[in-house]
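One structure is given here, and the rest of the page talks about it.
The values are calculated or read from the model by the stated rules, or taken from the named source; none is laboratory data. Remember, predicted model here, so these are calculated numbers, not experimental data. Glycine gets a Cβ as well: all are built from the backbone with ideal geometry, and neighbour counts include every protein chain shown. Just the protein is used for accessible areas: all its heavy atoms, side chains included, with ligands, DNA and RNA removed. Shrake-Rupley method; radii C 1.70, N 1.55, O 1.52, S 1.80 Å.
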Amino acid sequence: MSIHILSDELASKIAAGEVIERPASVVKELIENALDAGARDIRLEVRGGGQRLIRVADDGSGIASADVPTAFARHGTSKLETADDLFAIQTLGFRGEALPSIAAVARVTMITRCAEDANGTIFKVENAQTLLYQPHGAPRGTVITVEDLFRSVPARLKFLKSPGAESAHIAELVHAYALAYPHVRYSLVNDGKLTFQSAGSGKLSDVLFKVYGGETAREMIAVARDENHTDSPSPQSPGSNLAVHGYISPPSIHRGNRRLQYFFVNGRWIEDRSLAYAVSEAYHTLLMVGRFPLFVLNIQLPPDAVDVNVHPTKMQVRFREPNEVYRTVQRTVRRVLNEKFPVPTISFSPGAHTDSRPPTAPLTNAALNLVPPANDGQTQRAFDDNTLTPSLHPSIAPSSLPILRVLGQIASTYIICEGPDGLYLVDQHAAHERVLYEKWMTEREMVFAAQNLLEPLPVELSPAHWAVYESERENFARAGFQLEPFGGNTLLLRALPTLLKKREPRAALLEILDLTDEGGNPIQAQAEARLIMSICKGAAIKGGQVMALEEMRALIRDLEKTTSPRTCPHGRPTMIQLNLTTLQKEFGRLG
Ligand code: ADP
Ligand code: MG
């Protein structure tokens with residue numbers, strides 16, 4: 001084929017593919033246009049998963065009759081004039097691509113009127129051909145109807161999921177924009193049924209109720225704007241005029257995926273795995289690996305500190321100082337968590353006689369109660385504000401654990417100890433995990449050594465495990481795993497971390513792959529820490545294993561030396577404590 005210029009129609013279809021991937025992309029662009037037009041009420045209607053029909057009606061500024069065809073022309077926009085404007089974008093749209101892109105792959109009808117025009121306008125376009133352009137009575141605002149999306153692009157049509165799945169995407173999107181703009185009223189009608197409505201009260205908590213449901217929403221913790229926080233050392237850094245506000249979930253509420261995590265940067269819904277990871281890390285040791293917090297976080301920063309012109313869908317942004325942003329967001333979240341949930345010591349609440357535990361539980365007649373410890377500064381250690389891997393900071397104060405005397409073991413799982421303040425039950429697995437983890441993190445070079453296998457061992461991975469291996473390849477190597485591709489989904493295991501030398505190698509590798517968060521490796525050091533946690537868990541003595549008195553003593557000694565003896569690296573308690581006062585109360589020795 002000779003070289004030739006693509007026809008306009010084909011070129012615009014190709015361009016459209018970048019902006020409009022699926023029905024939800026149409027909804028996104030139309031909501032953004034409505035918001036840019038200052039709408040306070042946005043009504044959406046969807047049929048057939050959006051493929052048959054998407055209608056968005058707003059009460060925004062509307063478009064002057066003469067401007068309507070330009071709005072549908074490629075690069076037709078009212079939001080950008082000079083190249084300089086690109087660095088100070090205040091609107092959601094700016095590329096002038098959405099309407100022409102939609103019109104290239106669907107039949108579009110727009111009815112619009114601006115305040116200055118006595119009469120409204122109707123404009124109809126299909127496959128980039130104008131079909132109708134004439135006056136039409138209309139209230140102020142804009143109604144856009146998009147029908148038969150992708151009918152002329154069968155390749156695209158094939159990739160669409162079921163109408164149900166596409167509607168779910170659309171709903172998720174509407175939820176996101178409702179959360180980002182609580183003062184705007186939204187309604188979504190799906191195949192004739194009202195499925196979502198927000199009041200437009202301006203209160204984020206009201207929208208949270210609609211999106212997360214009352215039970216979860218009630219528990220969410222507000223992250224308030226903190227105007228005079230002093231986290232940022234240099235006044236020049238964007239961190240200093242960076243504000244974060246919204247809601248985060250308490251450690252007790254979490255999900256197996258990141259779907260209910262929302263970031264908005266200057267009112268723009270964005271996806272940023274590194275940022276999501278930074279927030280997860282703020283929950284460090286409060287959440288188990290593989291569990292994700294819920295949050296809605298609005299990040300406000302000067303327009304010139306963020307480049308929004310990264311991708312046609314505008315879902316990604318580039319921060320001028322990404323690390324500064326990640327750190328500030330993480331600190332803000334950690335500060336809030338820290339205020340609400342200082343590392344708990346567990347004790348029995350004095351005088352509590354309601355037993356909510358099953359009758360087989362070893363200690364009866366006292367309800368387990370999480371009591372926040374006195375704020376003596378020691379308890380704050382796990383959340384040292386100045387470090388990304390908080391519980392491992394070398395400058396941390398020595399252990400707050402008293403000297404414990406080992407008395408025995410129950411159920412081959414818990415070590416019974418006596419301390420100055422009563423009885424301690426230590427979970428041997430969790431305790432060992434903590435010990436190994438800190439040892440590894442402080443004596444990295446020493447423990448990082450690999451243990452060679454006598455004979456390399458082929459291990460076949462499931463696709464899910466393979467994906468983990470792919471994304472964590474370097475970390476695995478650094479941690480002491482020697483793995484080589486061996487055809488298909490099979491790896492040749494040549495060496496594994498010394499820590500795992502007592503384990504059967506294949507089972508150990510598979511367990512570590514299982515334990516390693518699928519969340520990717522956005523920040524090298526943190527992904528590494530996560531892998532190390534998994535290895536320590538795999539290497540730690542399991543529950544149900546009988547331990548000799550000497551072994552238990554050694555473990556407790558090691559635990560006393562750790563910086564965070566009361567929780568395992570995944571945030572579970574390593575011990576519970578029954579203090580003397582409670583014992584005396586329980587035995588009726590106190591009045
Ligand atoms: P962009 O939003 O990037 O400017 P679009 O193709 O989405 O490009 O829209 C083109 C122009 O049409 C916008 O700049 C705006 O002036 C106008 N427009 C689109 N939708 C609306 C709306 N709902 N209300 C008012 N004006 C609109
Ligand atoms: Mg737009």
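Output the peptides 332-338, 321-327 sorted from most to least packed, where packing is the average of other Cβ atoms within 10 Å over each peptide's residues.
332-338, 321-327
Determine the sum of side-chain charges near Ala24: Lys and Arg each +1, Asp and Glu each -1, restricted to other residues whose C-beta is under 11 angstrom from that of Ala24.
-1
In Å², what does the accessible area per residue of the stretch 203-340 work out to with a 1.4 Å probe?
Values: 5720 Å² over 138 residues.
About 41 Å² of surface per residue is accessible.
Would you kindly compute the Cα radius of gyration of the stretch 8-196 and its largest Cα-Cα separation (Dmax), both in Å?
15.7, 45
So what's the net charge close to Leu208: Lys and Arg +1, Asp and Glu -1, counting the other residues with Cβ under 11 Å from its Cβ?
+1
Of the options Asn338, Val306, Tyr212, report the single residue whose Cα projects farthest towards the positive end of the charge dipole of the stretch 203-340 (beta-carbon charges: Lys, Arg +1; Asp, Glu -1).
Result: Tyr212, furthest along the dipole toward the positive end.
Which of the aspartates and glutamates could be linked to Lys561 by a straight reach, that is with a Cα gap under 13 Å, when you skip same-chain ones fewer than 8 residues away?
Glu438
In percent, what relative contact order does the stretch 65-126 have, based on Cα pairs under 8 Å that are 6 or more apart in sequence?
33
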